Amino acid sequence: MADKRKKVALIIEAIRGHEREVVLGIANYARVSGNWVFYLDKLDPYYHFNPTQVRHYIAQLMDWGVEGVITRYPEEFALLKKKGIPMVSVKQARTGENTFAINNEHIGIMGAKYFLEKCFKHYGFCGFEDMFWSDIRCTAFSKVIKDNGCSISIYGPSKKRMSFSWEKAQKMLAEWLVSLPKPVAVMACNDDCAEHVLEAAKFAGLYVPEDVAVLGVSNDELICEFSDPPLSSIILNGQQAGYEAAALLDNLMAGIQPVDSVINVKPIEVVGRRSTDFLAVEDKTIAEVLAYIRRNSTDIIQVEKIAEQVGVSLRVLQSRFRQVMGFTLREELNRARLNRINALLLDTKRSIEQIADMTGYSTTYNMIRFFQKQMGTSPGQYRKLHSGKVIICTNKSVFLKGN
């Protein structure tokens, strides 16, 4: 009996956590479709940069009868595409069909939002020069920070700096960290860069997170848990993206060219670890209040309950909070509640009734009334209008950012 399974080559080393998540998503799709067999590349990544070896590899795939390819190296294996083999790239690209488009702006905004909620006044961004995705993350992060009236310093290792020895590069990064006002929140363009920041902070004798709080991107658990202290990071929807990449390839192998063949990779949330476990508020009572609000963001919190929790009279607490933060405790509670509702409206497909229940409201009507009073529109209309955008509610303004 002839083997009717589709022969698919995965040319993905899966060295990084995000890549492993993508591979898992591809595997999930293959289980659902039930008719794929894989040629999984387990070779050293440097192997692909040898033209002779690449030609040999392509010849092996053709002899095997490959019918589709998912790869991080679309340029190197372009010959397969020329031979009519459908190909999907999981390499990040600015534009192009059958490829990944990571929402770098959303990543930068999410990092800024996360740190702003921790009340930092000073910020830094550490990225890679000449990497378009790093630049976009930096620009989005910086804009939100500046729009909130906070200072920011940007460190990007130039090609000249990157040619330095590891020791000298670390020293330069450490000098930059020392020069920043403290406490400072530093977002790095990815987890590798964030780990360098952590090491440079230790080299400089700075405490993490008390002097320097550090946030990465991709949530590579090997890097994040290996780091000292463990690294906070933004997790991406890698498994979903891998599933969509496999579905796209399946269509291409069937001779179907989808109208939209770009796979959008989005950040899901920040996975908080020790490297950012710090509230930049000198007043310990107010810091305790903010932490309490953050821990109980799914509930309807009464100001009287907060005063009881921190052991201060309500009148004293309200006055003290406004003096330290520059806005009222009630405004902070509304902001936290709005951010929770916004996230559920725009990042999930849960019904309005489910969202009301998840945010502690006794009735859906009460949540709708609160939301309409704060935002000037109903939750349903708001979701329809702003679907696919990032909404950040602060005590100064509301930022809307499209994909």
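For the stretch 257-282, name all the residues that are exposed (fewer than 14 other Cβ atoms within 10 Å of the Cβ) and under 30 Å from Arg320 (Cβ atoms).
If the condition is that a residue be exposed (fewer than 14 other Cβ atoms within 10 Å of the Cβ) and under 30 Å from Arg320 (Cβ atoms), then Glu282 is the only one that fits.
Give me the residue from the stretch 264-304 that is of a type in the set (Lys, Arg) and farther than 30 Å from Arg94 by Cβ and, out of that set, nearest to the chain's Cα centre (by Cα). Walk me through it before giving the result.
The first filter runs over the stretch 264-304 and keeps only residues of a type in the set (Lys, Arg), leaving 266, 273-274, 284, 294-295.
Now restrict to residues that are farther than 30 Å from Arg94 by Cβ: 273-274, 284, 294-295.
Working: Arg273: 14, Arg274: 17, Lys284: 30, Arg294: 19, Arg295: 21 Å.
Here the residue is Arg273.
Does any residue of the stretch 122-138 turn out to be modelled with pLDDT of 90 or more, aliphatic (A, V, I, L, M) and under 15 Å from the mean Cα position of the chain (by Cα)?
Yes, the stretch 122-138 contains at least one residue that is modelled with pLDDT of 90 or more, aliphatic (A, V, I, L, M) and under 15 Å from the mean Cα position of the chain (by Cα).
Could you list, ordered by first residue, the pairs with Cβ atoms under 8 Å in which the first is in the stretch 72-89 and under 16 Å from Leu10 (Cβ atoms) and modelled with pLDDT of 90 or more and the second is open to solvent by 60 Å² or more (accessible area, probe 1.4 Å) and acidic (Asp, Glu), at least 6 apart or interchain?
Between residues of the stretch 72-89 that are under 16 Å from Leu10 (Cβ atoms) and modelled with pLDDT of 90 or more and residues that are open to solvent by 60 Å² or more (accessible area, probe 1.4 Å) and acidic (Asp, Glu), the close pairs are Ile85/Glu67; Pro86/Glu67.
Yes/no matrix, rows are residues, columns are (1) closer than 12 Å to Gly124 by Cβ; (2) within 14 Å of the chain's Cα centre (by Cα):
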| position | (1), (2) |
| --- | --- |
| Pro181 | yes, no |
| Val212 | yes, no |
| Leu215 | yes, yes |
| Ser233 | no, yes |
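Of Phe327, Phe321, which residue is farther than 13 Å from Glu117 by Cα, touching a residue at least 12 places away in the same chain (Cβ under 8 Å) and not in a helix (DSSP H, G or I)?
That would be Phe327, the only listed residue that is farther than 13 Å from Glu117 by Cα, touching a residue at least 12 places away in the same chain (Cβ under 8 Å) and not in a helix (DSSP H, G or I).
In the stretch 365-382, what residues are within 18 Å of Ala336 (Cα to Cα) and in a helix (DSSP H, G or I)?
Asn366, Met367, Ile368, Arg369, Phe370, Phe371, Gln372, Lys373, Gln374, Met375, Pro379, Tyr382
Does the stretch 16-33 include one or more residues that are modelled with pLDDT under 85, out of contact with any Cys (no Cβ under 8 Å at 6 or more places or on another chain), open to solvent by 80 Å² or more (accessible area, probe 1.4 Å) and not hydrophobic (A, V, I, L, M, F, W, C)?
yes
Write out, first by first residue and then by second, each pair whose Cβ atoms fall under 9 Å of each other, whose residues are 6+ apart or on separate chains, and whose first residue, in the stretch 366-388, is under 17 Å from Ser351 (Cα atoms) and β-branched (Val, Ile, Thr) while the second is part of a helix (DSSP H, G or I) and open to solvent by 30 Å² or more (accessible area, probe 1.4 Å).
If the second residue must be part of a helix (DSSP H, G or I) and open to solvent by 30 Å² or more (accessible area, probe 1.4 Å), the pairs left are Ile368/Ile352; Ile368/Gly380; Thr377/Leu385.
Would you point out which residue out of Thr95, Thr99 is among the hydroxyl-bearing types (Ser, Thr, Tyr), under 30 Å from Phe77 (Cβ atoms) and touching a Pro at 6+ places or on another chain (Cβ under 9 Å)?
Being among the hydroxyl-bearing types (Ser, Thr, Tyr), under 30 Å from Phe77 (Cβ atoms) and touching a Pro at 6+ places or on another chain (Cβ under 9 Å) holds for just one of Thr95, Thr99, which is Thr99.
On the basis of being hydrophobic (A, V, I, L, M, F, W, C) and open to solvent by 50 Å² or more (accessible area, probe 1.4 Å), does Ala254 make the cut?
Criteria met by Ala254.
Can we say Tyr365 is over 30 Å from Ile102 (Cα atoms), crowded, with 18+ Cβ neighbours inside 10 Å, modelled with pLDDT of 85 or more and hydroxyl-bearing (Ser, Thr, Tyr)?
No; evaluated as a whole, the condition is false for this residue.
Output yes when any residue across the stretch 38-47 is in contact with a His (Cβ under 8 Å, 6 or more places away or on another chain), farther than 21 Å from Gly242 by Cα and modelled with pLDDT under 85, and no when none is.
Checking the stretch 38-47: not a single residue is in contact with a His (Cβ under 8 Å, 6 or more places away or on another chain), farther than 21 Å from Gly242 by Cα and modelled with pLDDT under 85.
Considering every residue within the stretch 102-113, establish whether at least one is touching a residue at least 40 places away in the same chain (Cβ under 8 Å), on the phi > 0 side of the Ramachandran plot, buried (at least 17 other Cβ atoms within 10 Å of the Cβ) and within 21 Å of the chain's Cα centre (by Cα).
no
Of the residues Lys118, Lys113, which single one is touching a strand residue (DSSP E or B) at 6+ places or on another chain (Cβ under 8 Å) and at pLDDT 90 or above?
Among Lys118, Lys113, only Lys113 is touching a strand residue (DSSP E or B) at 6+ places or on another chain (Cβ under 8 Å) and at pLDDT 90 or above.
The values are calculated or read from the model by the stated rules, or taken from the named source; none is laboratory data. Small disclaimer: the values here were computed from a predicted structure and weren't measured. Counting neighbours? That spans all protein chains shown, and the Cβs are built from the backbone with ideal geometry, glycine included. Accessible surface areas use protein heavy atoms only, side chains included; no ligands, DNA or RNA. Shrake-Rupley method; radii C 1.70, N 1.55, O 1.52, S 1.80 Å.
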